[in-house]
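Just below is one structure, and these are the notes that go with it.
FYI, it's all coordinate maths here, none of it is from the lab. Please read these numbers as outputs of a predicted model, since none were measured by experiment. No Cβ is skipped: glycine too gets one built from the backbone with ideal geometry, and neighbour counts run over all protein chains shown.
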Amino acid sequence: MSYPESPMPMSHVPAESIEAVLVRLDEILERSKDERSRLGYFAALYRRVTAEVKRRIDADFFDDNDRMRSLDVIFANRYLEAYDRDRAGESITDSWRTTFDMASDVWPIVLQHLLVGMNAHINLDLGVAAAFAAPGAALPALRTDFNRINEVLQELTESVYEGLGTIWPLLRVLKGRLGTFDSEVLNFSMTTARDGAWRFAQRLNAFDTSRHVELIRARDVDIARISKLVQHPGVVASTVTKIIRVGERQSIPDIISILS
């Protein structure tokens, strides 16, 4: 499912398998390291999630593994197309525009980059992908497997949290007092976003496909607004994130490697 604003760029070739998705993500990670681009932060997290979902599919973890394989590829192509379109100078959704533009801002912390990427991809793209992969009467049957992804995300969250502790060493010192604050933020954000994505898939499913472009654009505006709030959370929170940002010791390529 390509973006409605303009035709698919010639530079974008949709991935046809999870293996192909992983290859593309590896290419983005290497390019991000070479270019010292913070776009690699979300790509690293997404690569880790995709690899784990593939492992679960190969182990027959889901009720319908073929359907989940199809959903995963459709979902990933939403991100890959946005990335390709951005590099080609073409229009993309406001959600991804906010995310990609934020990569040039030196002040957001790593966690903020991860959250805005998750916001665009899960809150908007996942609902679109689910409605496309299981249209009409097929959607309810997807619900159980859709929810099982939360198990995968929860298991990955702790390792991501440990990575954040490497990037910002003071987090390890504060861990006893903060508990698993960053871990809980990531876990809550992923779970909440997936719940919202399912509701949006249901909403799309309730309307004729002729209304989908309109509905997607309206949701995109709302999701982009959330990303901007994550980037600029207010005076007090912004002061805290700036203090954390100063304490982030690793280079961009190193951070990408840690998150991978």
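Look at the dipole of segment 18-259 built from charges on Cβ: of T93, P108, T166, the Cα furthest out on the positive end belongs to P108. Computed from Cα atoms alone, the Kirkwood hydrodynamic radius reported for segment 18-259 is 18.4 Å. Its alpha carbons considered, segment 79-158 gives a radius of gyration followed by a Dmax of 15.1, 46 Å.
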